[in-house]
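What follows is one structure encoded as structure tokens, with my remarks underneath.
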Amino acid sequence: MPITPTENIWMNGELVAWEDAKIHVLTHTLHYGTGVFEGIRAYETESGPAVFRLTDHIERFHRSARVLGMAMPYSVAELVEACKLVVRDSGLPSCYVRPIAYYGYGEIGLATTGCTTDVAIAVWPWGAYLGDDVLTKGVRLKISSWVRPGHNTVPPATKATGTYVNSTLAKMEALNAGYDEAIMLNGAGLVAEGSGENIFAGLGDVMVTPPISAGALPGITRDSVMDIAADAGIEIQVADLARSDLYLADEVFLTGTAAEVSAVNSIDDRPLDCPGPRTLAIAEVYADAVRGRIDRYKTWVEHVDD
Ligand code: PPE
């Protein structure tokens, strides 16, 4: 997707003009995939732009760094304020927010000893991730030939930049085969997640989503959807899913900050009820919740003008 530039990018505590926010080609993370990042959305609300579950995202950002053994130079509170500042500075009513922490220029070689950790936060307008018709036509999924890395390979529950080599391979394989998105299985052949989304499958009265131990990212949208479903009387279970469970599902949806709640049309060309009734009910509440329209979920909405 082409990027639409905004005015400034936050780099190590300062706002830098978009076109000057550059790094050296010998930046450590460019070579070894040793960074961590987040994907967050700010939505237009009645009281100005608000970032959805900003603190939760920044806490995950810190956890990802901790897993990599990376010393994060800014506290959660500092990064929350920095994200709000960049959103405010952009003047955009809604946008995508991308914090990234990376080992910078100065050391080369696999060891990260002595590397500096640099942090940047960019925002840009980002529309529908999987198309404008995700709640009407839905997306066509293909089970990937690429396997989600194991917990002792590249930790899949960590939002590290290097992990996305796996996601990109899967995504491109699916797109080249004429599908919209890939679903990855783990080394045991159980369902993990999409290249950039978690998955929920309706099997009779319950909707099932794989556990983090299956190789899924602890998605913040996944977590929000579990609360929304519980409040709406829709039963959700966290349990392993076999590939055949996906073929037998009545309805399936994907969740992610970028993808929001996206209905699934088919998996490996096996059609599903799309959009399914639970998918639609949850998607509708989610769309209102992120925009601060539901009192019960107001704590999720962090205004940038506070
Ligand atoms: N799994 C993966 C692999 C993943 O990348 C995401 C987010 C999720 C699950 C859902 O997590 P959450 O956003 O917290 O609900 N994927 C990001 C897209 C990355 C991209 O640049 O493309 C996102 O949705 O921001």
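The values are calculated or read from the model by the stated rules, or taken from the named source; none is laboratory data. Since we're looking at a predicted model, the values are computed, not measured. Cβ coordinates were reconstructed from backbone atoms using ideal geometry, including for glycine residues, and neighbour counts include every protein chain displayed. For the accessible areas, the whole protein counts, side chains as well, though only heavy atoms, and no ligand, DNA or RNA atoms are used. Shrake-Rupley method; radii C 1.70, N 1.55, O 1.52, S 1.80 Å.
Phi-derived couplings, Karplus 6.51 cos²θ - 1.76 cosθ + 1.60 at θ = phi - 60°, listed residue by residue for region 14-22: 10, 7, 10, 4, 3, 6, 9, 7, 10 Hz, with x used for Gly and Pro.
Ordering ARG41, ARG243 by accessible surface, largest first, gives ARG243, ARG41; the 1.4 Å probe counts only protein heavy atoms, with every chain in place. Surface listing: ASP205, ASP56, ASP240 arranged by accessible area from highest to lowest gives ASP205, ASP240, ASP56, probe 1.4 Å. Note on region 139-289: antiparallel DSSP beta bridges, both residues inside, total approximately 65 percent of the bridges counted. Just add up the charged neighbours of ARG296: K/R +1, D/E -1, any other residue whose Cβ is under 10 Å from the Cβ of ARG296. Counting the neighbours of ARG296, the net charge comes to -2.
Computed with a 1.4 Å probe on the full set of protein chains, the accessible area for TYR129 sits at about 60 Å². Got a sec? Charge dipole of region 8-124, +1 on Cβ for Lys and Arg, -1 for Asp and Glu; which of PHE52, ALA120, LEU15 is way out at the positive end? Value computed over the given set: PHE52. Within the shell of other residues whose beta carbon sits under 12 angstrom from the beta carbon of TYR179, the net charge comes to -2, with Lys and Arg scored +1 and Asp and Glu -1. Rounded to the nearest 10 degrees, the angle from helix 220-231 to the longest Cα principal axis of the chain is 40 degrees.
Normalised by the number of residues in the chain, the mean separation of alpha-carbon contacts (under 8 Å, six or more apart) gives a relative contact order of 20 percent.
Hey, what's the chain come to in accessible area per residue, 1.4 Å probe, Å²?
On the way: 13390 Å² over 306 residues.
Averaged over the residues of the chain, the accessible area is 44 Å².
Counting only C-alpha contacts under 8 Å and six or more residues apart, can you give the relative contact order of region 8-124 as a whole percent?
Working: 199 pairs, mean separation 43.1, N = 117.
37 percent.
For the chain, the longest principal axis of the Cα atoms and the long axis of helix 164-176 meet at an angle of about 50 degrees. Here the 3J(HN,Hα) profile of region 232-242, calculated from phi with Karplus coefficients 6.51, -1.76 and 1.60 at θ = phi - 60°, is 8, x, 9, 7, 10, 10, 9, 7, 5, 10, 8 Hz, Gly and Pro shown as x. For VAL16, the residues whose modelled amide H falls within less than 5 Å of its own, excluding neighbours fewer than 5 places apart on the same chain, are ILE9, TRP10, MET11. Per-residue ellipticity at 222 nm, computed for the chain from helices alone with -39500 (n - 2.57) per DSSP H run of at least four residues, works out to -8000 deg cm²/dmol.
Placing +1 on each Lys and Arg Cβ and -1 on each Asp and Glu Cβ, with no other charges, gives region 205-306 a dipole about its Cα centre of roughly 80 debye. Here is the tail figure for region 8-124: Cα pairs spaced more than 21 Å apart come to 37 percent of all pairs. Taking amide H as placed 1.01 Å from N in the peptide plane, the amide H of GLU181 sits under 5 Å from that of ARG140, LYS142, each at least 5 places away or on another chain. If you line up the long axis of helix 277-290 against the longest principal axis of the chain, both from Cα atoms, how many degrees apart are they, to the nearest 10? Compared with the principal axis, the helix lies near 30 degrees. Of the residues LYS298, LYS137, LYS142, LYS22, ranked by 1.4 Å probe accessible area with the largest first, the sequence reads LYS22, LYS137, LYS298, LYS142. Each part gets one Cα centre, and for region 228-306 versus region 81-140 those centres are 23 Å apart. Per-residue surface analysis assigns GLU14 an accessible area of about 120 Å², computed on protein heavy atoms at 1.4 Å probe radius.
Determine by what factor the alpha-carbon radius of gyration of the chain differs from 2.2 N^0.38 Å, reporting the quotient. Intermediate results must be reported in sequence, preceding the final value.
Numbers: Rg = 19.1 Å, N = 306, 2.2 N^0.38 = 19.4 Å.
Ratio of Cα Rg to 2.2 N^0.38 Å: 0.99.
About the Cα centre, and with charges only on the beta carbon of Lys, Arg (+1) and Asp, Glu (-1), how big is the dipole of the chain? Nearest 20 debye, please. Spell out each step's value before the answer.
Values: 23 positive and 40 negative charges, 138 e Å.
In total the dipole reaches around 660 debye.
Scaled to the compact-protein estimate 2.2 N^0.38 Å, what is the alpha-carbon radius of gyration of region 161-306, rounded to two decimal places? Mind showing how you got there, number by number?
Working: Rg = 15.3 Å, N = 146, 2.2 N^0.38 = 14.6 Å.
Here the Cα radius of gyration is 1.05 times the empirical estimate.
Pairwise alpha-carbon distances in region 142-216 exceed 16 Å for 46% of all pairs. Solvent-accessible area assigned to carbon and sulfur over region 233-306 amounts to 46 percent, based on a 1.4 Å probe.
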